[in-house]
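Working notes, structure below.
The values are calculated or read from the model by the stated rules, or taken from the named source; none is laboratory data. What you are looking at is a predicted structure, and each value in this text was computed from that prediction instead of being measured. Note: ideal-geometry Cβ built from the backbone for every residue, glycine included; neighbour counts use all protein chains shown. For the accessible areas, the whole protein counts, side chains as well, though only heavy atoms, and no ligand, DNA or RNA atoms are used. Shrake-Rupley method; radii C 1.70, N 1.55, O 1.52, S 1.80 Å.
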Amino acid sequence: MTPNRYERLFGDVVPEQRLVTDEATLSRFSRDTTEAEPGRPDVVLFIENAAEAEAAVRVAAEHRVPLIPRIAGTNLGGLSIPVRGGAILDLTGFNRIIDINEIDMIAVIEPGVTFGQLVAELKRRQLPLTIGIPLSPPHTSIMANCLLDGLGNLSLLYGTMGEWITGLEVLLSTGQTIRTGAWAVSDVPPFARAPLPDLTGLFVSWQGTTGLVTKMAVELKPKLAFRRRLFVLTYNRRTTYDLMRRLARQRMFDDIGGLSWPTGKMMYGIERPLERDPDEPEFFTYIDLSANSEAELSIKLDTMTRIIAEQRSNGAELEDPLDLDTIVKVAPQFEKFAEFPTDLEFLTQHPGGGLSWVGTYGPMSRFDRAADLGIEIMARYRFPPLIVSRPMKGGHFGVLRFIETFSRDDDKEVEAVRRCNAELTTMVLEQGFIPYKTPVRTTAQVIPHLWPGTHQLMRRLKEVLDPYQIMNPGRWGLDTEEEL
Amino acid sequence: MDPANRLKIVEPERMSILGLMLSSIIRSNLDRETVLKRVARLDGKVGVTAGKMSITMAFDRSSVTLTRGLTSGLRARVNGSLDSLLQVSLGKSLLNVYFSKAVSFSGNPLFLIKILPLIRVPAATEPR
Ligand SMILES: Cc1cc2nc3c(=O)[nH]c(=O)nc-3n(C[C@H](O)[C@H](O)[C@H](O)COP(=O)(O)OP(=O)(O)OC[C@H]3O[C@@H](n4cnc5c(N)ncnc54)[C@H](O)[C@@H]3O)c2cc1C
């Protein structure tokens, strides 16, 4: 068979078996679990090292072929679906852990390194270190999570995962390779972004539109020996958010996460739990503690107990904390929350296969109102009010997510998710929340809210960093042919 | 009786988390011969309240039916925090939790004792 244009162009970039143009593969890469419009790539290149990445960028720039980086494709925003065709760079095999510096607590990794992989490696080397771990499945990429400014189970203490980055090595479509952070000056472990002009931000939350990151240095944190995870059942969301706000500012807890009532039922196999028993708790709030000693742990537990007692004496309705180990003995389903990374199969492995969300960061002072409005919107579209909220960075702000599971094969449901998410987005923006990992549709809703000078500067930066407009085009309204 | 019909949940999609937790324990117990024999002798209803959640367990000599909330005609009632009820499920003695005031009972205590094996988490080594 004569090779097609893309096979000819990229034929020298990777060995033949890692350049794929068969229909089944292209179709698999043209969608994700969300309601995002499918978009067919012209070719999928399975990249395994920096030299191949460089060659791919060079060819793509010369022939103006869009490049879409992808690892597990679980970003829940359609971000690795091509908007204008082109080449998907599958980076799953570009996955070496280059260095783990125990003393400076920094790991240097390639794009395909997954949470499961790094956690296993730290365990294998018996290093008492860890990284912030999201609720996404173990096979998802650390780099993608950091570049998308996601959050993990230590974001209450240390902020978004973008903040954990201490240095990047980036290939620009101009053919230039740049370094950010301490790396830009010396070859020592890239210990920090300070005190140079902070260029790392040019690649965080830009959805792969400014450059292809080939190496990332990221902080690791001490993993303390004494750990507990407790669940507090709270009977309404006011109590939940009040508890979160109070606990967050103690600077004592690793993570606090409120999962709304449908979560528990879905873990018991109820796919569409639409109605809550009015007497049952509205939220399961998990609280993670870790300490260097039993004594330190017990001080933290005492603080938690005191705060709960104070809340109760103010009339709040909540149960005493349940130890996760106890819950798991009675309800093994909760084992899913025992160790991270975990696979929340009740979200990902259901017959319809669809999973989407409107995920936002916003001020904790406004959680109650935004949750009220979001629940009302979800109910109108007949989606269970599945909400995940977590305070971040000591309680300055938090994540508030509205999640839908649905059938991807049912056009009506897909349309309902689209409309529901559009309404949720309008609402969160009005309430002062900012959607993250924004799909194309959501970005279109966000841009009119962006300060005009900010968006103009973003576009100018895009022109400088990616003059050929090949890096994941169609995002953030950045392409020059797009209307301002 | 068909094992699938030994446990019924009225409107499972509306059942509280307490009911779902208990139902999963009961279901695994109903696989055990000794417990099945016991169920065949049980007739009547028990109300269980944990925190603010309540459910009714109704026995009719062959099956168990779980309903959300408390219904009329209960032979016995158990009331406590979710934590203390989970401790009972994990084997803590009824008397122990009663005297520590973590759980209260009313109605026929014998009937409660009879249903106890049904809501206890079976140890991995227990015979089927
Ligand atoms: C059940 C479930 C739970 C989740 N929970 C969380 C959570 O708690 N917190 C959270 O933050 N996220 C969560 N997610 C979202 C997502 O899974 C994570 O952000 C994950 O880390 C993304 O990894 P990935 O390999 O799927 O990335 P992909 O989807 O493959 O990549 C996403 C995007 O990252 C960018 N990118 C990737 N590599 C590069 C590169 N080398 N250079 C430039 N840009 C690049 C591109 O824009 C790319 O399109 C969850 C998802 C699921 C399905």
Next on the checklist: Quick check on the range A:5-90: of the DSSP beta bridges with both residues there, what percent are antiparallel, nearest 5%?
Outcome noted: 20 percent
Next on the checklist: Taking the solvent-accessible surface of protein heavy atoms with a 1.4 Å probe, what is the per residue accessible area of chain B in Å²?
Outcome noted: 48 Å²
Next on the checklist: Which residue, A:LEU171, A:ILE142, A:LEU196, has the largest displacement toward the positive end of the dipole of the range A:97-222 when charges sit on each Cβ (Lys, Arg +1; Asp, Glu -1)?
Outcome noted: A:ILE142
Checklist entry - Where in the range B:22-71 does accessible area fall by at least 50 Å² between the isolated chain and the complete protein assembly, at a 1.4 Å probe radius? => result B:LYS52, B:MET53, B:ARG68
Next on the checklist: Counting heavy atoms of the protein chains only and a 1.4 Å probe, report the per residue accessible area for the range A:226-438 as a whole number of Å².
Outcome noted: 38 Å²
Checklist entry - For the range B:6-22 and the range A:150-215, what is the separation of their C-alpha centers, rounded to whole Å? => result 49 Å
Checklist entry - Share of Cα-Cα pairs in chain A beyond 45 Å, in percent? => result 11 percent
Checklist entry - Given the pairs A:LYS223/B:LYS52; A:LYS393/B:LYS92; A:LYS123/A:LYS393; A:LYS265/B:LYS52; A:LYS336/B:LYS37, which are separated by over 29 angstrom at their Cα positions? => result A:LYS223/B:LYS52; A:LYS393/B:LYS92; A:LYS336/B:LYS37
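Can you send over the carbon and sulfur percentage of the accessible area for the range A:5-90, probe radius 1.4 Å, protein chains only? Please list the in-between numbers first.
On the way: 1650 of 3570 Å².
Of the solvent-accessible surface of the range A:5-90, carbon and sulfur hold 46 percent.
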Next on the checklist: Please compute the volume of the convex hull spanned by the alpha-carbon atoms of the range A:5-90 and report it per residue in Å³.
Outcome noted: 86 Å³
Checklist entry - If you project the alpha carbons of the range A:211-362 onto the principal axes, what extent comes out on each, in Å, largest first? => result 50, 46, 35
Next on the checklist: Counting heavy atoms of the protein chains only and a 1.4 Å probe, report the per residue accessible area for the range A:5-90 as a whole number of Å².
Outcome noted: 41 Å²
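Give me the percent of DSSP beta bridges within chain B that run antiparallel, rounded to the nearest 5.
Working: 18 of 26 bridges.
Restricted to chain B, the bridges split so that about 70 percent are antiparallel.
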Item to check | Cα centroid separation, the range B:53-81 to the range A:432-459 (Å) | outcome: 53 Å
Checklist entry - Using a basic spin-label model with each label point 7 Å from the Cα along Cα→Cβ, how many nm lie between A:HIS139 and A:THR303? => result 4.0 nm
Checklist entry - Which whole-angstrom value gives the distance between the alpha carbon centres of the range A:285-352 and the range A:381-425? => result 23 Å
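When the dipole is taken about the Cα centre of the range A:34-151, and only Lys, Arg (+1) and Asp, Glu (-1) are charged at their Cβ, what size is it in debye, to the nearest 20? Spell out each step's value before the answer.
Details: 9 positive and 14 negative charges, 33 e Å.
So the magnitude is around 160 debye.
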Checklist outcome for this item: Heads up, the range A:283-349 by the C-alpha gyration tensor (a ≥ b ≥ c square roots of eigenvalues; a/c under 1.5 rounded, else a/b over b/c prolate, else oblate) looks oblate
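Going from the alpha-carbon gyration tensor of the range A:97-222, what semi-axes, largest first and in whole Å, does one get by taking the root of 5 times each eigenvalue?
Numbers: eigenvalues 94, 53, 37 Å².
Whole-Å semi-axes of the equivalent ellipsoid: 22, 16, 14.
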